[in-house]
């Protein structure tokens, strides 16, 4: 039996969110940590239509084909990240770039990523100070 303790301060050193959990830097892949389905919208903000939804533990890639930072801000200044979505010919959709909804996957090695995904599927809450995953 192996145990992994993942500490956000160490694991997310390169992609550290601000004190409100908002990301301003982007990762190439994210994992959905929200309890329910995560809405992916046609633009950066809740006023845009929902194009698709991702369940907890889904791994979603950043849409990086366009130049510049894929983080966009809504009217309130909150960050949203462009996600690569297979619908509508590969056009992007946007999810809220906050630790309540997604976490950067780039900081995990493959074994840790699989452990985190397994824990989320079992209903563990990722948004605690530490995340313990036991195989």
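Some notes on this structure:
- Set of region 33-64 residues, backbone N closer than 15 Å to the point 7 Å along the Cα-Cβ line of residue 75: 43-49
- Ordering of 74-85, 93-104 by burial proxy (mean other Cβ atoms within 10 Å per residue, highest first): 93-104, 74-85
None of the figures in this text is laboratory data; all of them are computed from the coordinates on show. The structure displayed is predicted, hence computed values, not measured ones. A quick note on method: Cβ atoms are made from the backbone with ideal geometry, for glycine too, and the neighbour counts reach across all protein chains shown.
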